[in-house]
Amino acid sequence: MTHSFFAYMGGFAIMSQPLIKSRKEEHSQLVLSAKAVLHTALHSNDLPLITKSQILDLSKADVVAKTNCRTSSVVCYCTYHRTARS
């Protein structure tokens, strides 16, 4: 179930060669949709190996980002109201 949510949220991506040659030799990153992940799993079985614990470990960054966003919102709110009072 964890892998399904990971695929639905665009967690699986592959690196590909650019279709048009440019000055730089860049690789393009293609994010696989949930249907593409299912198709790849059923027909080629060539998905990256990622464990449930690795996926859950990636979600810890969300907590830090949300906390940072909330703190910034409180600071902006307080600054706005202090300025309005003056």
Original post:
Taking 0.36 nm per residue of separation and subtracting the Cα-Cα distance, what length does fully extending Val63 through Ser16 add?
Top reply: 13.8 nm
Original post:
How far apart, in nm, are the 7 Å Cα→Cβ label points at Ser4 and Ala36?
Top reply: 2.1
Original post:
Based on the Cβ-Cβ distance of Leu49 and Ser72, what FRET efficiency does E = 1/(1 + (r/R0)^6) give at R0 = 25 Å, to the nearest 0.05?
Top reply: 0.10
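Read the figures in this text as sums done on the coordinates, not as results from a lab. The shown structure was predicted, so the numbers you read here are calculated from the model rather than taken from an experiment. Glycine also receives a Cβ, built like all others from the backbone with ideal geometry; neighbour counts cover every protein chain displayed.
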